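Engineer: Could you have a look at this structure, given as structure tokens, before my questions?
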Amino acid sequence: MLLLALILVPALGAAGAYGRGTRQSGWLVSTAAIHLMLVATLWWAPPAAVLDGWLALDPLGLVVLSVVSVLFFVVATYAVGYVRRERVGRGFASWLLAFLAMASLVAMSHHLALLWVGMEGTTLALAPLIFQRRDRRSLEAVWKYLVLSSVGIALALLGTFFLSTAQGDDPGVRPLVLEDLITHAALLHPVWLKAAFVFLLVGYGTKLGLAPLHTWKPDTYGEAPALVGGLMAGGLTSCAFLGIARVTEVAVAAGLGQFVQPPLVIFGLLSLAVAAAFVVGQTDVKRLLAYSSVEHVGLLVLGLGLGGVGVYGSVLHLVNNAVVKGLLFLAVGNAVLVVGPATTTSPSSGGGVLRAVPVSGVLLLLGLFAVTGSPPFGMFLSEFTIVRAAWAGGHPWIAGTTLALLAVIFIGVGAMMLGMLYGPAPVSGPRARESAWLVAGPAALVVGAVALGIAIPSPLQQLLARAATALGGSAP
Amino acid sequence: MERLADLLLLLVLLFGFLILGTTRLTTCIRAVAVQGGLLGLLPLVLHPQWSVHTLGLAAGTILVKAIVLPAFLIWAIRESAVRREVEPRVGYVASLVLGIFAVAVAGAVATRLPVPGEHPVLLVTTSLACVIMGLQVLATRAKALLQVVGYLMLENGIYVFGLTSLDRVPFLVEIGVLLDVFVGVFIMGIVVFHINREFDSLDSARLTELRD
């Protein structure tokens, strides 16, 4: 029942929050808090599967669910400050909560078609939020997002049907239920399974934003409100990665490890290369963050494709990515709120964020180091684990290429962000105090990012290790 | 019953060609509506022992794909007083030739694939051909509204493939899929409406402000 509550609570919250004006944020925060508490209880008492095994929670699902829930709670507290400053539509909190409900469904689905329904739901729930400003640029962004994501996700549906065809008509097997797919993996028809993997990888890869399927990402992240961008870069990507991880899990169980690994590695390296090419010389900070997101989802699938300890690195990176992306988007959002959008679009007219919004500026500076994988932040560990897996797996050129591309991205991100942070305070725009609501969330995420880099709590480490083992990898 | 199913599938393909070849927007929407209606009849013909499952699926599909969504899209055209021509990037004849090529490829793939059970190869051929034609419309037609039509064609093709495993995919999931398509097209329709108001055109090729 607890599993159903995790979907129903945000769904009811979404219905209740509709049209409440500024009181929307109250609904948003309280629903997010209840959701977070429910998720916390799952860590102590593993729940039984419900609905004939359609909804269940395995280690990987719990990782994604926890990541989304924590990130959502932080974003919800931030939204309290945001709603006080910006005019938002009637459905602002409702759409956010609908996203939470759908993301929870994705994390808990052990029926792959139900997973698809949730995945499409997350896509649709965020679309109206991208369109918040209702001007030409956001219109263009939401259109590209909708068309590309919808087509991608349609191909994933075709892949899901292929998978059900691969299963055949064995009466003892529940169709498309993950446990049965894995335990009876040897009976899957290999041709259909391969076709299913390709379509699901391309489909959910579009949603994840892997290069060359990433073209919607810079536009969407660039135009969406910062808190929505953070939720997309941290939460939506985790859900999409889960989709790819599920089909990889099935394919590995069926003995197709050799078939699935090369495409994952190629997508990963290509994403890193595209990110490196577009990060250097980028003039809009939100687009910069979008390309940084392309980099990090590339690392996720790269680790998955490398196998072994790389899978552990990948799952750890999922956690780090959510924390750091939330931090960066919210800190950038504060700069935009106080200084105006000029700061984020052109460094020549901008700059001076550290003077204008000192607290958020420091948070942004810390986020800069976190996102580029500097110690002592958590991303250093996960990136290091993935590179080490490439080296240990006998692929020194993969390790070398990854390191070189990461270095280029480090320079690109650093150069742009430092240009934005330092310099004289901008004269334009009303000077405003940074409200506690707006800085508490990102500050908490900084603490999280450092904690993950210094010592991963042992329950989390065990959970990550179990998730990695289920995906055919190993713990370090 | 087998003959009837084949006839329906052939009609689905023909209406796909109509979308590729017509010059008028409303014809495209009507054609995709007819396609939706034919798809709604297919489960009834393929599974003659009608159950609640097949009846519900047929009713839901016809309601959403043949009635509500097309009516909504036609409303969007009328309200936004858009020019009624298709204005393609790739000419009509070339589009039709590409469509024939799509059917040939789909047929070749379908005969090679180990199609399960008693289902005719034509089902898989139609499905894959529809998917390719839908992608073709998405790629070669600049108007935002036609991209919605292309997306619907793509979904129709996937739906046909879903019929090969109707017994395996549960009712709840199918309704979920239908609901997602419905909401998706609905949101797209609203965006199309706004695009027209902002840009005085439904041409997504004018959406070029965002670039690196």
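The values are calculated or read from the model by the stated rules, or taken from the named source; none is laboratory data. Because the structure is predicted, anything quoted here is derived from the model rather than measured. Counting neighbours? That spans all protein chains shown, and the Cβs are built from the backbone with ideal geometry, glycine included.
Engineer: Pick out the one residue from A:Arg84, A:Arg90, A:Arg134 that is more than 16 Å from A:Arg246 (Cβ to Cβ) and without any contact (Cβ under 8 Å) to a residue 40 or more places away in the chain.
Structural biologist: A:Arg134
Engineer: If A:His184 passes every condition in (1) touching a residue at least 24 places away in the same chain (Cβ under 8 Å); (2) more than 11 Å from chain B (Cβ to nearest Cβ) but one, which one does it miss?
Structural biologist: (1)
Engineer: For the range A:202-212, which residues satisfy the criterion of being surrounded by fewer than 24 Cβ atoms within 10 Å (Cβ to Cβ) and part of a loop (DSSP other than H, G, I, E, B)?
Structural biologist: If the condition is that a residue be surrounded by fewer than 24 Cβ atoms within 10 Å (Cβ to Cβ) and part of a loop (DSSP other than H, G, I, E, B), then A:Pro212 is the only one that fits.
Engineer: What is the residue count in the range A:156-181 for residues that are at the interface with chain B (Cβ under 8 Å from one of its Cβ atoms) and in contact with a Gly (Cβ under 8 Å, 6 or more places away or on another chain)?
Structural biologist: 4
Engineer: Which members of the range A:21-77 meet the condition of being in a helix (DSSP H, G or I) and among the small types (Gly, Ala, Ser)?
Structural biologist: Matches in the range A:21-77: A:Gly21, A:Ser25, A:Gly26, A:Ser30, A:Ala32, A:Ala33, A:Ala40, A:Gly61, A:Ser66, A:Ser69, A:Ala76.
Engineer: Can I ask one more? Can you tell me how many residues within the range A:91-117 are more than 9 Å from chain B (Cβ to nearest Cβ) and under 20 Å from A:Leu2 (Cα atoms)?
Structural biologist: Number of matching residues: 15.
Engineer: Which is surrounded by 20 or more Cβ atoms within 10 Å (Cβ to Cβ) and in contact with a Ser or Thr (Cβ under 6 Å, 6 or more places away or on another chain), of A:Ala125, A:Ala166, A:Ala156, A:Ala141?
Structural biologist: A:Ala141
Engineer: Shifting gears a bit: If you go through the range B:138-166 one residue at a time, how many are more than 7 Å from chain A (Cβ to nearest Cβ), in contact with a Leu (Cβ under 6 Å, 6 or more places away or on another chain) and more than 26 Å from A:Leu112 (Cα to Cα)?
Structural biologist: 2
Engineer: For A:Leu146, which of the numbered conditions (1) within 29 Å of B:Cys130 (Cβ to Cβ); (2) within 7 Å of another protein chain (Cβ to nearest Cβ); (3) more than 18 Å from the chain's Cα centre (by Cα) fails to hold?
Structural biologist: If we test A:Leu146 against (1) within 29 Å of B:Cys130 (Cβ to Cβ); (2) within 7 Å of another protein chain (Cβ to nearest Cβ); (3) more than 18 Å from the chain's Cα centre (by Cα), just (3) comes out false.
Engineer: Can you tell me which of A:Val50, A:Val64 is farther than 16 Å from A:Gly441 by Cα and buried (at least 19 other Cβ atoms within 10 Å of the Cβ)?
Structural biologist: Matching residue, one of A:Val50, A:Val64: A:Val64.
Engineer: Scan the range A:404-420 for residues that are β-branched (Val, Ile, Thr) and over 18 Å from A:Pro375 (Cβ atoms) and report the count.
Structural biologist: Final tally of qualifying residues: 1.
Engineer: Kindly indicate whether any position in the range A:28-41 is closer than 25 Å to A:Leu112 by Cα, touching a residue at least 24 places away in the same chain (Cβ under 8 Å) and buried (at least 24 other Cβ atoms within 10 Å of the Cβ).
Structural biologist: Yes, some residue in the range A:28-41 is closer than 25 Å to A:Leu112 by Cα, touching a residue at least 24 places away in the same chain (Cβ under 8 Å) and buried (at least 24 other Cβ atoms within 10 Å of the Cβ).
Engineer: With respect to B:Gly37, determine if the residue is of a type outside the set (A, V, I, L, M, F, W, C), within 15 Å of the chain's Cα centre (by Cα) and more than 23 Å from B:Arg89 (Cβ to Cβ).
Structural biologist: In short, yes.
Engineer: Against the condition within 25 Å of A:His184 (Cα to Cα), more than 14 Å from chain B (Cβ to nearest Cβ) and among the aromatic types (Phe, Trp, Tyr), how does A:Phe267 come out, does it pass?
Structural biologist: no
Engineer: Pairs only if they're at least six apart or on different chains, beta carbon under 9 angstrom, first in the range A:118-131 and facing chain B (nearest Cβ under 8 Å), second outside any helix (DSSP H, G or I); list them, first residue then second.
Structural biologist: Correct list of pairs: A:Pro128/A:Gly89; A:Pro128/A:Gly91; A:Phe131/A:Gly89; A:Phe131/A:Ala224.
Engineer: Could you give me the residue pairs with C-beta distances under 9 Å whose first residue belongs to the range B:167-183 and is within 8 Å of chain A (Cβ to nearest Cβ), whose second residue is among the polar types (S, T, N, Q) and in a helix (DSSP H, G or I) wherever it lies, and which are 6+ apart or on separate chains?
Structural biologist: B:Arg168/A:Ser164; B:Arg168/A:Thr165; B:Arg168/A:Gln167; B:Val169/A:Thr160; B:Val169/A:Ser164; B:Asp180/A:Thr123
Engineer: A follow-up question, please. Of the conditions (1) under 20 Å from B:Ile67 (Cβ atoms); (2) modelled with pLDDT of 80 or more, B:Met133 fails just one. Which one is it?
Structural biologist: (1)
Engineer: Still on this structure: From (1) surrounded by fewer than 22 Cβ atoms within 10 Å (Cβ to Cβ); (2) more than 13 Å from every other protein chain (Cβ to nearest Cβ); (3) farther than 19 Å from A:Thr165 by Cα, pick out the condition that doesn't hold for B:Leu135.
Structural biologist: Among (1) surrounded by fewer than 22 Cβ atoms within 10 Å (Cβ to Cβ); (2) more than 13 Å from every other protein chain (Cβ to nearest Cβ); (3) farther than 19 Å from A:Thr165 by Cα, the lone unmet condition for B:Leu135 is (2).
Engineer: Step by step: first the residues of the range A:439-473, then only those that are free of Cβ contacts under 8 Å to residues at least 40 places away in the same chain and part of a helix (DSSP H, G or I), then the one that is nearest to A:Pro376 (Cα to Cα). Which residue is that?
Structural biologist: The qualifying residue nearest to A:Pro376 (Cα to Cα) is A:Val447.
Engineer: Name the residues in the range A:151-169 that are within 18 Å of the chain's Cα centre (by Cα) and without any contact (Cβ under 8 Å) to a residue 60 or more places away in the chain, would you?
Structural biologist: A:Ile153
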